[in-house]
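The values are calculated or read from the model by the stated rules, or taken from the named source; none is laboratory data. Every value quoted in this text rests on a predicted model; they were computed, and no experiment measured them. Please note: Cβ atoms are built from the backbone with ideal geometry, for glycine as well, and neighbour counts cover all protein chains shown. When the accessible area is computed, the model is the full protein with side chains, heavy atoms only, and any ligands, DNA or RNA have been set aside. Shrake-Rupley method; radii C 1.70, N 1.55, O 1.52, S 1.80 Å.
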Amino acid sequence: MKKPIAFFVHHQGRGHANRTMAVAAEFARDRAVSVLTADPRLFDGFGRDIEIVALPNMIGAAVPTARLYAEPTPQVMHCVPLGLDAMRRTMRSILDHLDERGIGLFVVDVSAEIALLARIASVPAVQIRMHGDRSDIGHVGAYEACVGMLAPFDERLEQDDYPAPLRAKTFYSGGLCTSVDRVPERAEARAKLGLDPAREIVVAVTGGGGSGTPFAPLTVAARAEPDALWLTLGPTHREGHETDFSNLRELGWVSSVTDYLAAADIVIASAGDNTVHEVARVGGRLIVMPEWRYFAEQTRKAEALVRLGAAVQAPAWPGDLRGWRDLLARARALDGAPLRSLYAPDAAARAAGWLEGLTDALWDCGPAGAETVPLPGIAAE
């Protein structure tokens, strides 16, 4: 009988949940799958049969005393406040589920502490890899504790400073995009959206994991290139002193991001995993402007994209007309092929196949009736 696979899914934004659903949908139908998350609503409408385990939402939980709050965080951990009932319930729920369901592999997306918890509980774990400066002992310890790591991106995007022993434990699925709707040709997309077939169109897009695209710099961009149409998708962040322009439109959340990306001449985007691969899937010209993230995650991904010639970047959002004109000129000169090559249509299937194959290999004890080989340091019964 196949061993079950469980996922821990962080609930910041939708990216972790969407990635989990894309991979889980590719598992064999007879593989039991469960998800542990503090926001089960992220999985509403998911077609595959999975078990959802609701965890407490610890974000913003108050430490009960000043003395507990003053205790320093160990270097091997990132976020472990003392005295939280919700944290104890979270860890207990995870351990109970792993034990009661006989989980064969625990996929952690993402938490260094929970990857370490799995190893302490004697459960094989795989950590989802993310870019960033993660050479601290907390991350390295979690990676070493895992039986492998899954990188949902092309190996060419790997950081040069990532340690070779850990790189050898990493499976690169290729660029994983969770969007599956059809990509139209540019003329078709513009006709569908009612956009001018000949006008230059720049689309700025961001996901739900941050504060949104800064709107003030885009007002300068709209003045710098008044003949272009500027569109924003997703949330934007206003400072309160912006002057609106008729060639700059805020569209908010739209039903099909793909149509707008296909209609665009240039896309401005953050360096989130799914966002980058959505643009790569369409094959546009990308200006990547990383959002602040812990451990410089998006900054390091943006550096890799620029190194490959898949995007251009400015040190900061331009605040002057010339800065925008120069940045747009560099974007127009991009060859879209390097970015397009980073998207892998079969990435979710490849990731699922690797996870299932790893699970089966870990728990293959030989033919029925064969004796179990005692491990060093563990007494045979």
**Asked** So what is the calculated 222 nm ellipticity per residue for the chain, using -39500 (n - 2.57) for each DSSP H run with n of 4 or more, over all residues, to the nearest 500 deg cm²/dmol?
**Response** -9500 deg cm²/dmol
**Request:** Quick one: order D259, D227, D360 from most to least accessible surface, probe 1.4 Å.
**Result:** D227, D360, D259
**Message:** Give me the extension gain from S341 to R101: residue separation times 0.36 nm, minus the current Cα-Cα distance, reported in nm with one decimal.
**Reply:** 82.4 nm
**Prompt:** So what's region 74-210 giving for Rg/Rh, alpha carbon basis, Kirkwood Rh from the mean inverse pair distance?
**Reply:** 1.13
**Request:** With springs connecting C-alpha atoms under 10 Å apart, model the chain as a Gaussian network and identify which of E303, E239, E26 has the largest mean-square fluctuation.
**Result:** E239
**Request:** Provide the gained length on full extension for the span W363 to A61, in nm with one decimal, where the gain is 0.36 nm per separating residue minus the Cα-Cα distance.
**Result:** 104.9 nm
**Asked** Hey, with R₀ at 41 Å, roughly what FRET efficiency would D181 and D161 work out to, going by the Cβ-Cβ distance, to 0.05?
**Response** 0.65
**Complete:** Here FRET efficiency (C-beta to C-beta, L82 to E144, R₀ 22 Å, nearest 0.05) is 0.30
**Request:** Identify which of the listed values of Kirkwood radius over Cα pairs in Å was calculated from the structure shown: (i) 21.8; (ii) 24.3; (iii) 22.6.
**Result:** (iii)
**Message:** Across region 130-177, what fraction of all alpha-carbon pairs, as a whole percent, falls in each successive 10 Å bin from zero upward?
**Reply:** 25, 61, 14, 0
**Fill in**
region 71-149 accessible area per residue, 1.4 Å probe, protein heavy atoms, integer Å², reads 43 Å²
**Prompt:** Over what distance in Å are the Cα centres of region 274-299 and region 2-79 separated?
**Reply:** 23 Å
**Fill in**
Residues of region 85-99 with backbone N under 16 Å of the label point set 7 Å from the Cα of L68 along Cα→Cβ are 85-92
**Prompt:** With every protein chain left in place, what is the accessible area of I103 in Å² (1.4 Å probe, nearest 10)?
**Reply:** 10 Å²
**Contour minus Cα-Cα distance for A314 and D30 (0.36 nm per residue)** = 97.4 nm
